[in-house]
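The values are calculated or read from the model by the stated rules, or taken from the named source; none is laboratory data. Computed from a prediction, not measured in an experiment: that's the story for all the values here. Cβ placement follows ideal geometry from the backbone for every residue including glycine, while neighbour counts extend to all protein chains displayed. These accessible areas exclude ligands, DNA and RNA; they are computed on the full protein's heavy atoms, side chains included. Shrake-Rupley method; radii C 1.70, N 1.55, O 1.52, S 1.80 Å.
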Amino acid sequence: MNIEFASKLNAFGKEKTPFFFMIDYAEKQFEAFVLDAIPHGVLYQLETQSNASNTFTCKDFSWSKTPPSKEQYRAQMEAVIEEIKAGNTYLLNLTSPTRIELSCSLENLFYTANAPFKLCYHEAFVCFSPERFVEIRNNRISTYPMKGTIDASIPNAKEMILNDEKEKAEHVMVVDLLRNDLSMVSKDVCVEQFRYVEKIQAGDKELLQVSSKITGMLDENWHNTVGTILATLLPAGSISGTPKRSSVEVIKRLEGYDRGFFTGIFGVYDGKTLDSAVMIRFLEKTKEGYVFKSGGGITLLSEAEKEYDELCDKVYISLF
């Protein structure tokens, strides 16, 4: 747990001071600002909450992607399967970087991308995420794990994704993980909705995404420990694995690159409620150029070709 992150957010919460926050996957880097004093260059949107300008003029742009090596990905996935057989993980989120050519600023991308949760940070990175992390409202904490993706154009896609044994096992494991996570910070935890299907726009194609809703009840004074609650739940279960601690160690050994803020979280507390998102669908500016980071869950039933295709399908920019 990042104690400094938790303490800073707790201090804001005790005073009911609205704030913005973000923290990286490894829980080493974070930012937290009073909501009305967010620095220029930090843009956010959490569904209807946003500090975006209404006067920004979007410019046309082009982009292209160079997917990671299929052979390298297959080798990494086979290594994950060996870790599963050894009992070190049962479900692991394996991610990889994709090289991108982009002809516009990340700010322009923030304004043109269509997603419920968006963040642009000082032209260093932008994310346009479909996945909420946790929401706190009326003393109730809710999380919405997303596990299971399929091309919506495939005949009977909904039935296929819901009946796929690998996808079902993966989803059950992440729901169980997040139910246990919420039990560490709340009581009366239950799965309110299990494996419901939503359609999301993924560039020039549509995907079906399978999600669940898990909720728990917090004490009325949860504001005083809002930072501790968030820090206890990190990293997000849907982008790490189960068991979480050993899965994180496997990720560190096998992925071979630094995730940075990719798969971290960001959010806003308004003095009464909190909303937050997982930083996926993530494009970063590096010294070598632009990189889009994406991934998916690996289980013993995973097929390399399908997992590679899913990783590539998640490299998209969905426009309004």
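When residue 209 is tested against the conditions (1) in contact with a helix residue (DSSP H, G or I) (Cβ under 6 Å, 6 or more places away or on another chain); (2) not assigned by the TED database to the domain that holds residue 46, the lone failure is (1). The condition of being of a type outside the set (Asp, Glu), at pLDDT 95 or above and within 18 Å of the chain's Cα centre (by Cα) holds for only one of 297, 267, that being 267. Filtering region 98-116 to residues that are of a type outside the set (Ser, Thr, Tyr), open to solvent by 50 Å² or more (accessible area, probe 1.4 Å) and either in contact with a Phe, Trp or Tyr (Cβ under 6 Å, 6 or more places away or on another chain) or assigned to a strand (DSSP E or B) (or both) leaves 99, 101, 114. Within region 198-208, the residues that satisfy the criterion of being open to solvent by 40 Å² or more (accessible area, probe 1.4 Å) and assigned to a strand (DSSP E or B) are 198, 199, 201, 205, 206.
Does residue 191 satisfy being touching a strand residue (DSSP E or B) at 6+ places or on another chain (Cβ under 7 Å) and buried (at least 17 other Cβ atoms within 10 Å of the Cβ)? Spelling it out, it is not the case that residue 191 is touching a strand residue (DSSP E or B) at 6+ places or on another chain (Cβ under 7 Å) and buried (at least 17 other Cβ atoms within 10 Å of the Cβ).
Of everything in region 64-88 that is without any contact (Cβ under 8 Å) to a residue 40 or more places away in the chain and among the hydrophobic types (A, V, I, L, M, F, W, C), the residue that is surrounded by the fewest Cβ atoms within 10 Å (Cβ to Cβ) is 86.
Residue 46 fails exactly one of the following numbered conditions: (1) crowded, with 17+ Cβ neighbours inside 10 Å; (2) at pLDDT 95 or above; (3) closer than 22 Å to residue 184 by Cβ. What is the number of that condition? All conditions are met except number (3). Taking the criterion of being open to solvent by 40 Å² or more (accessible area, probe 1.4 Å) and not acidic (Asp, Glu), the residues of region 5-16 that qualify are 7, 8, 11, 14, 16. For region 16-61, the set of residues classified as closer than 21 Å to residue 113 by Cα, polar (S, T, N, Q) and touching a strand residue (DSSP E or B) at 6+ places or on another chain (Cβ under 8 Å) consists of 45, 49, 50, 51, listed by residue number.
Set side by side, the residues 177, 119 differ, and just one is out of contact with any His (no Cβ under 8 Å at 6 or more places or on another chain), within 21 Å of residue 94 (Cα to Cα) and surrounded by 19 or more Cβ atoms within 10 Å (Cβ to Cβ), which is 177. Quickly run through region 122-160 and pick out the residues that are open to solvent by 30 Å² or more (accessible area, probe 1.4 Å) and assigned to a helix (DSSP H, G or I). Residues satisfying the conditions are 158, 159, 160. Looking only at region 52-61, decide whether some residue is under 26 Å from residue 238 (Cβ atoms) and of a type in the set (S, T, N, Q). Checking region 52-61: not a single residue is under 26 Å from residue 238 (Cβ atoms) and of a type in the set (S, T, N, Q).
Per-residue answers, yes or no, for (1) charged (D, E, K, R); (2) at negative phi; (3) outside the structural domain of residue 280 (by the TED database); (4) at pLDDT below 85:
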{"position": "163", "(1), (2), (3), (4)": "no, yes, yes, no"}
{"position": "179", "(1), (2), (3), (4)": "yes, yes, yes, no"}
{"position": "187", "(1), (2), (3), (4)": "yes, yes, yes, no"}
{"position": "191", "(1), (2), (3), (4)": "no, yes, yes, no"}
{"position": "197", "(1), (2), (3), (4)": "no, yes, yes, no"}
{"position": "201", "(1), (2), (3), (4)": "no, yes, yes, yes"}
{"position": "225", "(1), (2), (3), (4)": "no, yes, no, no"}
{"position": "230", "(1), (2), (3), (4)": "no, yes, no, no"}
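Inside region 82-97, residues that are outside any loop (DSSP other than H, G, I, E, B) and within 20 Å of the chain's Cα centre (by Cα) make up a count of 7.
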